[in-house]
Amino acid sequence: MKAYALDLRERMVKFIQSGGSKTEAARRFDLGRSTVYRYRDAVQAGTLAPKASWGHWRKLDPQQLQVHVKKHPDATLKELQKAFGVSHHAVWVRLRQIGFTLKKLMKYRERNEVQRWLFRRELEKFDGQPVFYLDECGVDRLAFPVQPDVEFAHLEQSLRFRVGVQDDEF
């Protein structure tokens, strides 16, 4: 909220000094009664003018954030939080203010024929055994990296599931 202008403060003080009540001044100038009392005390102290700077500037500059996001369009809120030294909520609010949405666009990648050929070779090892394929609903391995040096990750639970399957159930 901005500070009230000096002319409003002076008019309110003149009204009180000319015999008006403090309650009537608050009503007439649309101020709170505590504000009227504070201005009256400020006149007696000789400091009626509003302070030159009140409050503090925000840490997150919108122009710097906009430039950073354009350079790093896939940065997460947590990454932006670390880059600017503010909370992830502050980043989220400022992004909305400058017009960025939180929706990430997953870029289409061409299929890798070499990886497909290698996968088919792996499947040939299970010749004659039932093989189950778990579709991960389009989850991109590059968007959600597991480990940079591991091509595929296997869960213990899936191995237990494979051991527990009976051939006669199919």
Practice task
Evaluate the following for residue 8: is it farther than 30 Å from residue 99 by Cα and part of a helix (DSSP H, G or I)?
Solution key: yes
Flagged pairs (Cβ under 6 angstrom, 6 or more apart or on separate chains; first in the stretch 77-101, closer than 12 Å to residue 60 by Cα; second among the polar types (S, T, N, Q) and surrounded by 17 or more Cβ atoms within 10 Å (Cβ to Cβ)) are 88/81; 91/81
Looking across the stretch 39-65 at residues that are more than 23 Å from residue 17 (Cα to Cα) and in contact with a helix residue (DSSP H, G or I) (Cβ under 9 Å, 6 or more places away or on another chain), the single one that is modelled with the lowest pLDDT is 58
Within the stretch 1-39, residues closer than 13 Å to residue 49 by Cα and of a type in the set (Gly, Ala, Ser) come out as 3, 5
Exercise. Does the stretch 126-142 include one or more residues that are in a helix (DSSP H, G or I), more than 31 Å from the chain's Cα centre (by Cα), loosely packed, with under 10 Cβ neighbours inside 10 Å and at pLDDT 80 or above?
Worked result: no
Being under 13 Å from the mean Cα position of the chain (by Cα) and either part of a helix (DSSP H, G or I) or under 17 Å from residue 2 (Cα atoms) (or both) narrows 79, 24 down to just 79
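The values are calculated or read from the model by the stated rules, or taken from the named source; none is laboratory data. Here the structure is a predicted model, which means the values were calculated and not measured. Don't worry about glycine lacking a Cβ; one is built from the backbone with ideal geometry, like all the others, and counts go over all protein chains shown.
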